[in-house]
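Engineer: Here's a structure for you.
The values are calculated or read from the model by the stated rules, or taken from the named source; none is laboratory data. These numbers were taken from a predicted model, which means no experiment stands behind them. Here Cβ is always computed from backbone atoms with ideal geometry, including for glycine, and neighbour counts include all displayed protein chains.
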Amino acid sequence: MLDYDTGDVVLLQLEGAGEWSDPDVVPPDVAIPGISTALEVSEERISERVSLLSALDDLKRAGLVEEHQMRVRGLEGERNVYFLTEEGRDRARGLRQRLADRTVVVRDGGEREVALGDIDEYLPDPALPRALSRLTDDGVLYLEEEVGQRFVNREAELARLNDALADVEAGEPRAVLVGGEAGVGKTTLVTDELAATAREDGVRVSVGRCQAEVTEPYGPVRNAVGDLLATDPFVRDGPAPSDASQLAAERTAMFEDVTDALAAASEGQPLMVVVDDLHSADDPTLELFEHLADTLHGNVLLVGTYRPEDLPSDHPVAGMVERWTDADEAGAGASKYHLQLDPFGRDETRQLVEWLVGRRGVPAAFVDRVYELTGGNPLFVKESVTRLIQKGTVDPEHGLYPDDPDDIPVSDEVEDTIDIRLSVLDEATHDVLDLGGVIGQSVPFEVLAAATDADEAQLREHVDLLVDSHIWERAEGEDERLRFASGLMRETVFDRIPVERRRELHARIADAVAESHGDDPDYHATIAHHYQRAGDPERAFEFYIQAADHAKSVYAHEVALDNYDRALELAREELDREEDDDQVLDVLKEFAETYYLLGEYDEADRYYRYVEDRATDLELLRRIAHVRIDMLDSRGRYDEALEVAENAIEEYGVADTRESCHLFGLKGGVHLHTSEFDAAEEAFQRCLEIAERIEEPEALASAYLDLGALDVVRGEADEETLDLLERAVSVAEEGDDDRPLARALNNLAMLYNEFDRTDDAEETFRRCLELKDEMGDRVQVARAHSNLGKIQRNKGEFEAAVENTEKAIDIAESVDNVQVMATGYRQLSALHHALGRIDRAIEHSERALELVGRLNNPQDEAVVTASLADSNLDGGNLDHAEKLADDALDIAQEYDSPAGEWIGLVVLGEIDYERGDYGAAREHFEAAIDVVEKGMDRFAERRRSATHASLAEAALAEGDVERAAEQVERARENAEAADEASTMARADLRAGALARTRGEFEKAERLLTSALETSREPHNRDAFLECRAILELGRLERDRGRPGAVREYAEEALEMTEEGGMGRFTSHAREILDDLE
């Protein structure tokens, strides 16, 4: 029997370490990781690693090796390294000589005796220490082929992921959700196997992990992408959102910036971004993840993992899984996939067991029992088999496997298995492990280093041991980022730490992170969490408040609520603060404000009322009333809003303060919404008086704007109104907040447009657009582009108008603002209709109708449905137009939409006319007149004129010339009152038709030519009117007996209808040509 110990083997390994050229960086052979590899220290047997460390300590004490701290090639930071002393070299040489002639039995399928001096023929260098490490107690050296694969039986899933990776490398972004129970291998599949392939292909891989204990805004995504991006899209410097719609827009804009930044970062090198454990993510993080998945562009692969057993039915990830699965199964999932990992079957379990024991041919009975007791869960299989190896119950070198099935631990004993693995660790490594268990699933090395007393080299040795023992893993090959091998591993480590010890470790971690990152808001939630667990509620409260404020700065208001909730719990339960304590009231107020910005008005109102009952500060009470009025007003609860306003003015008094000014402004706004114009004016005037006294530019600008809006709504806008808005711009320029100035410029530009000062309107809108762009308010930028399009439309610059409207839609889509999108598509439809592009007008109207439906605004839905009916009518789709018009009428009459009702009735009348049912047409037109006469808006005169013109057309078709003349006269009177050239042109068209019928050809020619010229003027462009004027001129020339001119007009009209899709008039043009034949 050979006489040697672990220390002797180490001496032989260090003797053969060789030389190196760089005196400052040594090879790994002289550091613990290299020695362990060379001596084939089993990663599954922690006791072997501990024995190695103990042997090194003994050799140091004996003066045989020296320990130094140096950098090691291929490893991060300084490590403890070991060199032989002269005495150690002598001992190693003596050992080698003594053992050279000793023989061992080598088995590699056959069996032979080999002298250890010749063992290098059978094993790679360092052959002798490697052979001694592998030698059994009875002198046998096994050389059987070992199972070397790292991964088992995920070929189908890995192939799908590799396909997605290949698509990304080809320039097609992809997103994948990978689900599976704890321990089933999600992380191994994604961050080991797929990531390895990605790196081989030159793809940059980055991973972020969600943790339930600490909610940092978008933390997992930020951790994953932070080092990849040239700029940080999460740093926002614009004004804080003032309402729910602005918050939603700003958040979506930030998400879009993240998407764009990722795309830019992937231009030179594809990216793979992994977000692990989505089931533990907060709502904003999940919202960002899905936004990225939906809007990815560039060479980016986004992967998320989750545990289905941790998802309640209403969890956002559950909804995401359902949507992605449905899309994939429907064949629309080219860009998004969902993969579900199931536990292994029996054959896959056998492969895994063979890999764990390092040998093929494991007894079938043993595999069956392992499979039965673990359910094929890879983690449970691994931990169970590892426990058997640790106990010596399984010894693959000697073919030893348990005969008694009860010796195999079942799955619910896995925690005990992990405990056994941990029990052999030395005390110093245990301390490091416990510290990591308290830090969390992810363990940053810098936090470990700051919170431990060990020097860097010692700490790295402990980390190496924990990594090599598969307790920890290095995140994607980065030494500075560590993680527990499984959530269950971390939970077991944490649970075995005594409570008092946990508190001590939490305190060390909190102090360390506060010292190194106390000024970084991204760490405030982490610091607060550890201070709370350490029993320091004062500092925890402080950092939770800071964490909540930071969350709001990046629009993660749900995370802010979570941190405020924790702070409030501390204030009430740990700090014994009373409910009227200033700090408690401040937190409650922040709760209310945050719920308000999230649009959760009932919750906001509940908290506001709670604070209102306990607060004494009058300005705070006015602020609460201000927000409550706004919430009630926005939901149409005008009576309640007025009651709150009047009570606040009575109970809290009127002071020369900003909030008093706001109260009167809001009160006036409510009166304006209920058409109580005199009461609105009185409130706005009170607001103006206070604003003038406090000399605050924003308040003064708001007062001027409110008074100007009142004039516009009353239909009394004049030069004084214009002066009010110009003064609003002037005073807003003096303030620090650009939002009132942007609003003032927008309103002024709109009024310039109403006064036909289109150049001034365009210049003002461009200034407004520039300002909103600087502010980074994408919703307002979109609105500015839309309004600029309206101005260009009025100037006759149709293509520029289309371009700006499309820009508005693109921006609105990027921030998912449905209101602006709907407005943009309605505007775009109107532009194409005016240009005679009916097919495109219909397409855009249909999109607008879909969006308006999402807004749950039936009044607008009636108008858009009726407008779509009108486009279908002009396209010649009479049956579909009739159905749409009937639908519009039903909605309009149920929900009181006069504009929708009027358009619907007119369209039905025009359909009757086209079908030759002139009596029914007249009835619909007369009903439309009744709707207008009830009073609608400032477009009433235009609509009266158009309807009387249609009645004139119906009367002519019935042969009632006298009635037609009466209706034409009324149409012209209303057109003069509307003071619009296009409206007068439509009246002239009917007047010309009447004159032709009477034989007044010269008068008819003058009127029809005027209508045609007006329809072609850039600022009055109207292809519909143009085509009708051409057709009517063709009929006039027919009545005059001028066939050449008739043909020319008819063919021109036919060309227009066929090019633009105006099918309604195709038959009219052909009829004129047929008459000519």
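Engineer: Within segment 765-785, is there a residue that is among the polar types (S, T, N, Q), in a helix (DSSP H, G or I) and either farther than 23 Å from TYR555 by Cα or free of Cβ contacts under 8 Å to residues at least 24 places away in the same chain (or both)?
Structural biologist: No, segment 765-785 contains no residue that is among the polar types (S, T, N, Q), in a helix (DSSP H, G or I) and either farther than 23 Å from TYR555 by Cα or free of Cβ contacts under 8 Å to residues at least 24 places away in the same chain (or both).
Engineer: Of these, ARG622, ARG606, ARG628, which one is within 22 Å of GLU692 (Cα to Cα) and part of a helix (DSSP H, G or I)?
Structural biologist: Of the residues listed, the single one that is within 22 Å of GLU692 (Cα to Cα) and part of a helix (DSSP H, G or I) is ARG622.
Engineer: Separate question: For ARG359, which of the numbered conditions (1) touching a residue at least 60 places away in the same chain (Cβ under 8 Å); (2) of a type outside the set (Gly, Ala, Ser); (3) surrounded by 20 or more Cβ atoms within 10 Å (Cβ to Cβ) fails to hold?
Structural biologist: All conditions are met except number (3).
Engineer: On to the next question. Among LEU828, LEU788, which is crowded, with 24+ Cβ neighbours inside 10 Å, in contact with a Phe, Trp or Tyr (Cβ under 8 Å, 6 or more places away or on another chain) and either within 24 Å of ASP756 (Cα to Cα) or of a type outside the set (Ser, Thr, Tyr) (or both)?
Structural biologist: Exactly one residue qualifies, and that residue is LEU788.
Engineer: Could you grab me the full set of residues in segment 91-101 that are within 16 Å of SER133 (Cα to Cα) and surrounded by fewer than 15 Cβ atoms within 10 Å (Cβ to Cβ)?
Structural biologist: Selection gives ALA100 alone.
Engineer: In segment 117-165, which residue that is of a type in the set (Val, Ile, Thr) and surrounded by fewer than 16 Cβ atoms within 10 Å (Cβ to Cβ) is modelled with the lowest pLDDT?
Structural biologist: Result: THR136.
Engineer: If we keep just the residues of segment 702-725 that are farther than 14 Å from LEU688 by Cβ and small (Gly, Ala, Ser), which is surrounded by the most Cβ atoms within 10 Å (Cβ to Cβ)?
Structural biologist: Checked segment 702-725; the qualifying residue surrounded by the most Cβ atoms within 10 Å (Cβ to Cβ) is ALA717.
Engineer: Something else now. Quickly run through segment 111-129 and pick out the residues that are assigned to a loop (DSSP other than H, G, I, E, B) and either closer than 18 Å to GLY94 by Cβ or not assigned by TED's automatic domain parsing to the domain that holds LEU52 (or both).
Structural biologist: The answer is PRO126, and nothing else.
Engineer: How about segment 514-529: which of its residues are over 13 Å from THR215 (Cβ atoms) and either among the acidic types (Asp, Glu) or over 29 Å from the mean Cα position of the chain (by Cα) (or both)?
Structural biologist: If the condition is that a residue be over 13 Å from THR215 (Cβ atoms) and either among the acidic types (Asp, Glu) or over 29 Å from the mean Cα position of the chain (by Cα) (or both), then ALA514, GLU515, SER516, ASP519, ASP520 are the ones that fit.
Engineer: Next up: Quick one: which of GLU1005, GLU976, GLU1052, GLU980 is surrounded by 15 or more Cβ atoms within 10 Å (Cβ to Cβ), at pLDDT 90 or above and more than 30 Å from ASP879 (Cα to Cα)?
Structural biologist: Going through GLU1005, GLU976, GLU1052, GLU980 in turn, just one is surrounded by 15 or more Cβ atoms within 10 Å (Cβ to Cβ), at pLDDT 90 or above and more than 30 Å from ASP879 (Cα to Cα): GLU1005.
Engineer: Could you list, ordered by first residue, the pairs with Cβ atoms under 6 Å in which the first is in segment 575-602 and at positive phi and the second is buried (at least 17 other Cβ atoms within 10 Å of the Cβ), at least 6 apart or interchain?
Structural biologist: GLY599/ALA244
Engineer: Quick one: which residue in ALA927, ALA952 is over 44 Å from the mean Cα position of the chain (by Cα), outside any loop (DSSP other than H, G, I, E, B), within 17 Å of ALA885 (Cα to Cα) and among the hydrophobic types (A, V, I, L, M, F, W, C)?
Structural biologist: ALA927
Engineer: Just to be sure before I move on: is GLY319 at pLDDT below 85, within 20 Å of the chain's Cα centre (by Cα) and not β-branched (Val, Ile, Thr) in the structure I sent?
Structural biologist: No; evaluated as a whole, the condition is false for this residue.
Engineer: Still on this model: Where the second residue is in a helix (DSSP H, G or I) and surrounded by fewer than 24 Cβ atoms within 10 Å (Cβ to Cβ) and the first is touching a residue at least 60 places away in the same chain (Cβ under 8 Å) and lies in segment 802-814, which pairs have Cβ atoms under 6 Å and are six or more apart or on separate chains?
Structural biologist: Note: pairs meeting the criteria are SER814/GLU256.
Engineer: Is it true that some residue in segment 960-976 is under 25 Å from ASN794 (Cα atoms) and not in a helix (DSSP H, G or I)?
Structural biologist: Checked segment 960-976: no residue is under 25 Å from ASN794 (Cα atoms) and not in a helix (DSSP H, G or I).
Engineer: Among the residues of segment 52-73, count how many are more than 21 Å from GLU86 (Cα to Cα), assigned to a strand (DSSP E or B) and not β-branched (Val, Ile, Thr).
Structural biologist: 1
Engineer: Scanning for something closer than 25 Å to ARG837 by Cα and of a type in the set (Gly, Ala, Ser), does segment 991-1009 turn up at least one residue?
Structural biologist: Within segment 991-1009, none of the residues are closer than 25 Å to ARG837 by Cα and of a type in the set (Gly, Ala, Ser).
Engineer: Going by the structure shown, is ASP756 within 34 Å of the chain's Cα centre (by Cα) and outside any helix (DSSP H, G or I)?
Structural biologist: No; evaluated as a whole, the condition is false for this residue.
Engineer: Also, quick follow-up: Among (1) modelled with pLDDT of 80 or more; (2) assigned by TED's automatic domain parsing to the domain that holds ARG307, there is one condition ALA334 misses while meeting the rest; what is its number?
Structural biologist: Failing condition for ALA334: (1).
Engineer: Something else about it: Pick from ARG614, ARG622, ARG635: which is in contact with a Leu (Cβ under 7 Å, 6 or more places away or on another chain), touching a residue at least 24 places away in the same chain (Cβ under 8 Å) and either within 21 Å of ALA556 (Cα to Cα) or surrounded by fewer than 16 Cβ atoms within 10 Å (Cβ to Cβ) (or both)?
Structural biologist: Matching residue, one of ARG614, ARG622, ARG635: ARG614.
Engineer: Kindly indicate which of GLU181, GLU213, GLU193, GLU172 is under 21 Å from ARG481 (Cβ atoms) and either of a type in the set (Lys, Arg) or part of a loop (DSSP other than H, G, I, E, B) (or both).
Structural biologist: GLU213
Engineer: Also, quick follow-up: What helices (runs of 4 or more DSSP H) completely inside segment 477-545 contain at least 2 residues that are at pLDDT below 90?
Structural biologist: 487-495, 499-517
Engineer: Checking THR616 against (1) at pLDDT below 90; (2) part of a helix (DSSP H, G or I); (3) among the hydroxyl-bearing types (Ser, Thr, Tyr), only one condition comes out false. Which one?
Structural biologist: Status for THR616: all satisfied but (2).
Engineer: Okay, moving on. I'm checking my understanding of the structure. Among residues of segment 851-877 that are surrounded by fewer than 22 Cβ atoms within 10 Å (Cβ to Cβ) and at pLDDT below 90, which one is nearest to PHE925 (Cα to Cα)?
Structural biologist: My answer is GLN859.
Engineer: Identify the residue in segment 258-293 that is under 15 Å from THR305 (Cα atoms) and among the hydroxyl-bearing types (Ser, Thr, Tyr) and, among all such residues, is surrounded by the most Cβ atoms within 10 Å (Cβ to Cβ).
Structural biologist: By that ranking, first place goes to THR285.
Engineer: Within segment 878-897, work out how many residues are surrounded by fewer than 20 Cβ atoms within 10 Å (Cβ to Cβ) and either at pLDDT 95 or above or part of a helix (DSSP H, G or I) (or both).
Structural biologist: Final tally of qualifying residues: 11.
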